[in-house]
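Remarks on the structure that follows.
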Amino acid sequence: MNPLVSTEWLAAHLNDVKVVDASWYMPDERREPAKEFLTEHIPGAVFFDIDGISDRITDLPHMMPAPDFFAASVSALGLSNGDTIVVYDGSGVFSAPRVWWALRSMGHEKVFVLDGGFPKWRAEGSAVAKWKREYPEPGSFLARPVATLARDYDAVLRHLHNDDAQVLDARSASRFTGEEKEPRVGLKSGHMPGATNIHWRSLLNHDNTLKDDQALQQVFAERGVDMRTPIVTTCGSGISAAILMLALHKLGASDVALYDGSWAEWGGRDGAPVSTG
């Protein structure tokens, strides 16, 4: 199933789906997605706070919360298990795949990413709305966690030890090799031994839409990725790793999981093996 929908498709089906703004930005961009949502958004959209709907116990960024908390949070946004959900973000394709993965990992299959996101929607002159003091009718979302879509530290460590899964790292090449320091203070530089670097930007066109299947296949083939064997995606904090998963899902790879803690956990953990170069 193609995990993407076009802006044209969404415009024609706006009244038939639930729309979610999942915008999130790197701290150095100094943007405030919640405030931007209030200024303008796709009509009918609700705002999914990636940092807010997260595990409040850990100090790791935007980790997936417990199923009951996730279910209560998305229900409060007016989302239910029977809904077809379209997720978008303010960059094109960046943080929306994270929420696409989050919903799928909680058992919701009818979720799609808007290709090109809000920039493409707005550039085409499609309707935008401003926030009004109105709240959605609460939904009824029951979380049904899908364990195969996520990996924790111990599972990734076992994969590396047993060499039974390909680990794909979505960070930039300079962060992967350790030439560039990590933006989060206190983290080691480098990568997991045996991991393969596929920068998430290599999967996008210049307009921040996802590349077509042929171009995506070429990117993965050049890096020696075998779509028939298990894959684990990782990045800095679990955001861009979901872009890799989105592209792999589009190409039909069926055994793909995301390492939620990603380098924010691995690079700060004593004893975690690290390679450079």
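Restricting attention to region 95-197, which trypsin sites (Lys or Arg not before Pro) occupy a DSSP loop and are surrounded by at most 12 other Cβ atoms within 10 Å?
Sparse-neighbourhood loop trypsin sites (Lys or Arg not before Pro): K130, K132, R133, K181.
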Review point. In region 1-47, which trypsin sites (Lys or Arg not before Pro) fall in coil by DSSP and have 11 or fewer other Cβ atoms within 10 Å?
Key: R30
Check your understanding: If the cut-off is 26 Å between C-alpha atoms, which lysines fall inside it for K130, apart from same-chain ones fewer than 8 positions away?
Key -> K18, K35, K120
Practice item. Work out the charge dipole of the chain with +1 on the Cβ of Lys and Arg and -1 on the Cβ of Asp and Glu about the Cα centre, then indicate which of H249, W121, G82 is farthest towards its positive end. Key: W121
Review point. Can you give the angle from 0 to 90° between the axis of helix 153-162 and the longest principal axis of the chain, with both taken from C-alpha atoms, to the nearest 10?
Key: 50 degrees
Review point. What is the dipole size for region 39-117, taken about its Cα centre, with +1 at each Lys and Arg Cβ and -1 at each Asp and Glu Cβ, in debye to the nearest 20?
Key: 160 debye
Check your understanding: Over the Cα atoms of the chain, what Rg and Dmax result, in angstrom?
Key -> 18.1, 54
Check your understanding: Which value, in Å², gives the accessible area per residue of the chain when a 1.4 Å probe is used on the protein heavy atoms?
Key -> 47 Å²
Check your understanding: For the chain, what does -39500 (n - 2.57) per DSSP helix run (n ≥ 4), summed and divided by total residues, give at 222 nm, in deg cm²/dmol to the nearest 500?
Key -> -7500 deg cm²/dmol
Revision key, fill the gap. Once both label points are put 7 Å beyond Cα along the C-beta direction, the K132-E36 separation in nm becomes 2.5 nm
Review point. Mind checking the dipole of the chain: about its Cα centre, +1 per Lys or Arg Cβ, -1 per Asp or Glu Cβ, Debye to the nearest 20?
Key: 180 debye
Revision key, fill the gap. For region 76-168 the chymotrypsin sites (Phe, Trp or Tyr not before Pro) that pass both the DSSP coil test and the at-most-14 other-Cβ-within-10 Å test are W131
Study note, to complete from the structure: Treating every alpha carbon of region 50-196 as one equal point scatterer without solvent, the Debye formula yields log10 I(q)/I(0) values at q = 0.10, 0.11, 0.18, 0.20 Å⁻¹ of -0.48, -0.58, -1.28, -1.38
**Study point:** Beta bridges by DSSP in the chain, antiparallel share as percent, to the nearest 5
**Key:** 10 percent
Point to revise | Share of carbon and sulfur in the accessible heavy-atom surface of the chain [1.4 Å probe, %] | key: 50 percent
**Study point:** Under 5 Å, built H, 5+ apart or other chain: amide partners of L168
**Key:** T196, V232, T233, T234
Study note, to complete from the structure: Projected onto the charge dipole of region 130-233 (unit charges on the beta-carbon of Lys, Arg, Asp and Glu, signs +1, +1, -1, -1), the Cα from T209, F141, H191 with the largest positive-side position is that of F141
Point to revise | D28 versus K110: modelled label distance in nm, points set 7 Å from Cα along the beta carbon direction | key: 4.2 nm
Study note, to complete from the structure: Each label sits 7 Å from Cα toward the beta-carbon; between D152 and A272 the label points are separated, in nm, by 1.5 nm
Point to revise | On Cα atoms only, tilt of 213-222 relative to the major axis of the chain in degrees | key: 20 degrees
Review point. What whole number of Å gives the distance from the Cα centroid of region 189-238 to the Cα centroid of region 77-144?
Key: 24 Å
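The values are calculated or read from the model by the stated rules, or taken from the named source; none is laboratory data. All figures in this text were calculated on a predicted structure; none of them were measured in a lab. Positions of Cβ are generated from backbone atoms using ideal geometry, with glycine treated the same way; all protein chains shown enter the neighbour counts. For the accessible areas, the whole protein counts, side chains as well, though only heavy atoms, and no ligand, DNA or RNA atoms are used. Shrake-Rupley method; radii C 1.70, N 1.55, O 1.52, S 1.80 Å.
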